[in-house]
Amino acid sequence: MMEERVNLMHMMKLSIKVLLQSALSLGRSLDADHAPLQQFFVVMEHCLKHGLKVKKSFIGQNKSFFGPLELVEKLCPEASDIATSVRNLPELKTAVGRGRAWLYLALMQKKLADYLKVLIDNKHLLSEFYEPEALMMEEEGMVIVGLLVGLNVLDANLCLKGEDLDSQVGVIDFSLYIKDVQDLDGGKEHERITDVLDQKNYVEELNRHLSCTVGDLQTKIEGLEKTNSKLQEEITKQDTKVELETYKQTRQGLDEMYNDVWKQLKEEKKARLELEKELELQIGMKTEMEIAMKLLEKDTHEKQDTLVALRQQLEEVKAINLQMFHKVQNAESSLQQKNEAITSFEEKTNQVMSSMKQMEERLQHSERARQGAEERSHKLQQELGGRSSALQQQLSQLLEQCSSLEKELKSEKEQRQALQRELQHEKDTSSLLRAELQQVEGLKKELRELQDEKTELQKVCDEQEQALQEMGLHLSQSKLKMEDIKEVNKALKGHTWLKDDEATHCKQCEKEFSISRRKHHCRNCGHIFCNTCSSNELALPSYPKPVRVCDSCHTLLLQRCSSSTSS
C-alpha cells in the first residue's frame, strides 16, 4: 500500500507537469480531446480509488469513488450545483460516470483543490469509504491537493453531453511521460516558466484572502452604521427631555404665583372675621345701616365677582397644567407647538398679575368702605338686629366656598408632587443617555480605525491588481522572451548572464525587488535592473528587433554610434 501511494503521487506530479507544459504551448485553454488532460483524469481516478472499501449488496460488489465526492456537498454548500447537475444528466447511468463528470465540472470551476482539501480535513467522514492506509487518508493526499492548486491557471472547456463517461477505460499511457534528448535542453526554460506560474498562483491566493477580509470588514462597518443611527435617535430624544426640564422650571414659577394667591385668600378670611365683629356692634343702628347695607351689598357683590374671577383663573391654571402635561407626553413630535404654548402661557401669567393688581385696588377700596362703615356703625346698631342673620348666612356660604377652594388647591399640590417625581426620573434617564453618548464616541473611534484599515487594504489590492496585469502581459510574451534570451546568451560571450535568484536588488538604484517592482535583464551587459532603470530599447547586432537595455549601456551605445558616424 505504501509503494502504491508513492507511485501514484509521482504519477500525479508527472501528469500535472506535462499538462501545464502542453497548456503553455496551447495558450492555457484545453478541450476534452487533449491527451494530457485525459491522462490526468485517469491518474486522478486511480488516486481516488486507492484503498477504497468494497460495499456488498444484493446485486454484487460496488466499488465507486463517487460516494466520497458526494460528501463535499454537505461540507461545502458551493458544491451543491455540481452535484445536482451531475445527478440530472440522463446519459450517466453508473456511479463511475457520475464521479468522472464531477471531476470535469470541478476542474472547470477551478475549485478541484479546494473541494478535495475539504474532504481530507474531515478524515473521520472518509473512514467510512477508505481503508486506514489509503492515499486519501495519509500525507500523500495533502501533497496531491497542493499540486492541484497549480491547475487553477488553466481554462478547461469540457462538454459533458454526447460523451460516454460510463464505459471509458482508465489505463495510464506512459508514453507521454518518456522524455527525449531534445526535451532535456528545454528543461531550464520550463523550470523558469513553472516558477512564474507558481508566483502567479500565490498572488491569486492572496487576492482571495484579501477579498474575504474586505467582505468581513464591510459587514462590520454596516453593523456599526446601524448602531450609530440608533444612537443618534436616542440623542434627539435626550434633547427633547432637556427642553421638558425647562418647561417644568416654568411650572415652578407658576407654583409660586399660586402660593401668593393662597396668602391673599387667607388675608381676606381675616378681614371677613373682623367684619363679623364690627357687625355685632352695629345691631342698634338701623337707619344708617340701610345705607351701609347697600354699600356692603355692593362690596359683597364685588367680592363675589372677584371670587368668580379667581375661580375662572384657577380653572384656566388647571387647563394650562393639563396642556403642559399633554405637551410633555407629545414632546418628541410637537416641539414647535410647545414654543407657542410657552408664549401663550407667559401672556396668561401677565393676565394673572394684572388681575392680582386689580384685587389689591379692590381691597384698598373695601378698607375705605370699612372705615366709613365704622363711623356709621354706632348709628346702625339698632336697625341691624333683623338683618344680621341674613349676613351670617351669606358668610357661611362664603366659608363653604373657601373650603371647596382649599380642597382644589390640595389636589393641585398632589399633581405638582407627581410632576416632581417625573422630573427626578427624567434626570436619571438623562444620566444614562450621557453614558451611552460616551460609548457612541468610542464606537466612532473604532469606525475611523476600521476605515483607515480598509483604505490600506484597498491600496494593497490595487497594487496587486496592477502587478497581476503586468504578469498577464509578460506571461503572454514569455516564449518570445525566452527565445530572445537564448540568442542573447549566444551573443554575449564575454558577459555573464545573472540568474533571477542571485539578484535581490536593482544594480543601479539598489531598490529591493517585489511583486510590483519586477526584475528585467539588460540584453547588453546581462545584469538585472528594475523597470525604471531599464526602460530604454536599442537594436543590438545579435537581435533583429530593438530589445531592453539599461540606462548605462544605453548611453555607452549611443556614444559609440555617434563616434562611429563622426569618423
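The values are calculated or read from the model by the stated rules, or taken from the named source; none is laboratory data. Predicted, not measured: the structure shown is a model, and the values here were computed from it. Note that we place each Cβ from the backbone using ideal geometry, even for glycine, and neighbour counts take in every protein chain shown. Heavy atoms of the whole protein, side chains included, go into the accessibility calculation; ligands, DNA and RNA do not. Shrake-Rupley method; radii C 1.70, N 1.55, O 1.52, S 1.80 Å.
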Complete set of residues in the range 27-56 that are over 20 Å from G170 (Cα atoms) and over 46 Å from the mean Cα position of the chain (by Cα) | K55, K56
State all residues of the range 500-543 that are over 19 Å from E463 (Cβ atoms) and among the β-branched types (V, I, T); if no residue qualifies, say none.
-> T504, I528
Does E70 fit the bill of being assigned to a loop (DSSP other than H, G, I, E, B), open to solvent by 20 Å² or more (accessible area, probe 1.4 Å) and of a type outside the set (A, V, I, L, M, F, W, C)?
-> no
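Taking only the range 395-436 into account, find how many residues are of a type in the set (D, E), open to solvent by less than 50 Å² (accessible area, probe 1.4 Å) and under 24 Å from R272 (Cβ atoms). Full working, then the answer.
First, pick out the residues of the range 395-436 that are of a type in the set (D, E): 400, 406, 408, 412, 414, 422, 426, 428, 436.
Now narrow it down to the ones that are open to solvent by less than 50 Å² (accessible area, probe 1.4 Å): 412, 426.
Those still in the list that are under 24 Å from R272 (Cβ atoms) too: 412.
Number of matching residues: 1.
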Among all residue pairs at least 6 apart or on different chains, which show Cβ distances below 9 Å where the first residue, located in the range 435-454, is under 15 Å from Q218 (Cα atoms) and the second is among the polar types (S, T, N, Q) and in a helix (DSSP H, G or I)?
-> L447/N228; K454/Q218
Take the residues of the range 315-331 that are surrounded by 17 or more Cβ atoms within 10 Å (Cβ to Cβ) and not small (G, A, S): which is modelled with the lowest pLDDT?
-> V328
Can you pull out the residues in the range 1-56 that are polar (S, T, N, Q) and assigned to a helix (DSSP H, G or I)?
-> N7, S15, Q21, S22, S25, Q38, Q39
Name the one entry in N201, N259, N228 that is surrounded by 13 or more Cβ atoms within 10 Å (Cβ to Cβ) and at pLDDT 75 or above.
-> N228
Residue pairs meeting the criteria (Cβ under 9 Å; at least 6 apart or on separate chains; first closer than 21 Å to L399 by Cβ, in the range 304-321; second in a helix (DSSP H, G or I) and of a type in the set (S, T, Y)) | T306/S355; A309/S355; L310/S355; Q313/S355; L314/Y258
Which one of E374, E340 is modelled with pLDDT under 75, among the acidic types (D, E) and part of a helix (DSSP H, G or I)?
-> E374
Counting just the residues of the range 541-564 that are of a type in the set (G, A, S) and outside any loop (DSSP other than H, G, I, E, B), which one comes out surrounded by the most Cβ atoms within 10 Å (Cβ to Cβ)?
-> S552
Output the number of the condition that A156 fails; it satisfies all remaining conditions of (1) touching a strand residue (DSSP E or B) at 6+ places or on another chain (Cβ under 6 Å); (2) open to solvent by 60 Å² or more (accessible area, probe 1.4 Å).
-> (2)
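Residue-wise test of (1) touching a Cys at 6+ places or on another chain (Cβ under 8 Å); (2) open to solvent by 50 Å² or more (accessible area, probe 1.4 Å).
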site	(1), (2)
C506	yes, no
S514	no, yes
R517	yes, yes
R523	no, no
C533	yes, no
N536	yes, no
A539	no, yes
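Could you list, in sequence order, the residues of the range 24-44 that are of a type in the set (G, A, S) and either modelled with pLDDT of 85 or more or in contact with a strand residue (DSSP E or B) (Cβ under 6 Å, 6 or more places away or on another chain) (or both)? First the steps, then the outcome.
Here is the first cut: in the range 24-44, the residues of a type in the set (G, A, S) are 25, 27, 29, 32, 35.
Across the range 24-44, the qualifying residue is only S29.
What are the residues in the range 93-148 that are among the basic types (K, R) and more than 42 Å from the chain's Cα centre (by Cα), if any?
K93, R98, R100
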Consider only pairs whose beta carbons are under 7 Å apart and that are at least six residues apart or on different chains; among these, list those whose first residue lies in the range 143-161 and is over 11 Å from Y104 (Cβ atoms) and whose second residue is of a type in the set (G, A, S) and open to solvent by 50 Å² or more (accessible area, probe 1.4 Å).
-> D155/S29
Expected single match for more than 30 Å from I528 (Cα to Cα), among the basic types (K, R) and modelled with pLDDT under 85 among K427, K486, K490 is K427
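Kindly indicate the residue of the range 437-483 that is open to solvent by less than 50 Å² (accessible area, probe 1.4 Å) and of a type in the set (G, A, S) and also modelled with the lowest pLDDT among those meeting that condition.
This residue is S478.
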